[in-house]
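**Q** Below are the structure tokens for one structure; questions will follow.
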Amino acid sequence: MQDKARTEEEANGTGPAGPLRCTIDIDTSSAPPAEQFDLFRSWHSNLADVELLRDAFESFPARERVWQLGSLALAFIEYPGTGYRRRWSSKKNPVLDHWLLSIPRTIPPEGGQAQIGQLRWHCLAAAHEGEAEDDGVLCLFLPRDFAFSQPFTLDIRPEMAAFLTDYVLLLHGSFPNRSENDVPYIAAATTNLLAACIEPSRDYFFEAQGPIDAVIMARAKKLIGARLADRDLTPDNICQELGISRSRLYRIFEPVGGVSDYIRRQRLLKTRDALGDSTDGSPISSIAERWGFMDPSTYSRTFKKEFGISPKDARAAGWPGINNTSSAGRPHDNAVSLSSILMNSYLVNRQG
């Protein structure tokens with residue numbers, strides 16, 4: 001009886017559910033190296049024509065993951081970048097008319113953090129062509145009559161394009177912590193945010209307040225992370241750089257204890273990691289000062305209150321206290337294609 005009740009709760013979205021799953025997770029490793037690009041090209045044969053601008057490559061290692069979010073679909077496609085320049089063009093007789101919002105990603109030749117390109121968008125039913133040699137792309141697909149009145153173009157101002165880029169990156173990064181029950185809420189939040197950015201109105205902005213705040217918080221956290229060692233980092237500085245009011249910043253950070261507490265905790269985490277690093281022999285007071293804690297006694301009390309152990313004991317134990325979380329493995333159905341997902345949402349929207 002309990003198992004049956006649990007199943008019904010999950011089906012209704014009222015009980016616990018498993019982690020958010022990829023609808024598609026495929027790569028080209030199943031094909032011989034010389035045939036890997038042809039396999040990659042076949043994944044999108046109903047969406048666009050893709051060709052390599054150089055004839056011969058030994059292999060084309062690529063991977064595609066797709067998450068279905070109601071009538072939306074988010075795809076993360078990884079492929080070889082520099083040197084593998086590709087030309088893609090719209091189908092002459094398109095069968096789909098979805099909007100495609102894409103964010104290219106390029107990994108520098110010397111390694112390091114991926115560089116995020118500018119948001120691009122077009123309608124699959126409209127003539128379009130482009131070239132690129134980036135290392136991957138995040139693609140958000142949505143039905144053309146999704147929430148907009150424009151026929152084949154979208155009028156997205158540069159500041160809104162940057163905002164949408166941050167949101168899509170944030171959304172994709174949140175998937176390991178999402179469950180299947182979250183899908184309707186993700187779809188609704190994304191719909192409202194897109195509508196607010198593309199067809200601004202008071203109602204759209206009101207409905208999109210949640211995802212808008214999430215993007216602002218993500219930007220604030222990124223700024224804080226970059227300036228964490230700056231002793232002059234204050235809420236006023238953050239407000240000035242983000243162009244928001246103090247009251248809004250405080251409201252957004254209220255669920256995590258406030259912006260000042262967030263900064264303090266991030267600095268404590270930095271000192272904790274340094275204390276657990278056997279290669280860092282700096283005095284504890286120097287480590288504390290490095291991250292803005294000028295009074296050793298206050299720092300020690302604050303550290304112990306936060307982590308339940310003194311800085312001295314943490315160093316003696318070699319305890320970095322880093323929480324390693326990993327997402328559970330998840331099944332995927334390789335028989336499903338991106339075009340079939342989009343076609344299904346196309347038909348559902350037409351019937352609606």
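**Q** May I ask you to list the lysines whose Cα is less than 28 Å away from that of LYS222, ignoring any residue fewer than eight positions away on the same chain?
**A** Partners within reach: LYS270, LYS304, LYS305.
**Q** I would also like to ask the following. Grab the alpha carbons of the stretch 20-207, take their convex hull, and tell me the volume per residue in Å³.
**A** Here the figure is 129 Å³ per residue.
**Q** For ASP277 and ARG87, FRET efficiency with R0 = 56 Å and r from the beta-carbon atoms, rounded to 0.05?
**A** Taking R0 as 56 Å, the efficiency between ARG87 and ASP277 is 0.75.
**Q** Could you bin all the Cα-Cα distances of the stretch 218-317 into 10 Å bins starting at 0 and give me the percent of pairs in each, rounded to whole numbers?
**A** Bin by bin from 0 Å, the calculated values are 15, 45, 28, 11, 1.
**Q** Run the quick spin-label model on ASP38 and SER247: label points 7 Å from Cα toward the beta carbon, then report their separation in nm to one decimal.
**A** 6.5 nm
Every number here is computed from the coordinates shown, using simple stated rules; none is lab data. Just so you know, these numbers come straight off a predicted model, no measurement behind them. Positions of Cβ are backbone-derived with ideal geometry, glycine not excepted, and every protein chain shown enters the neighbour counts.
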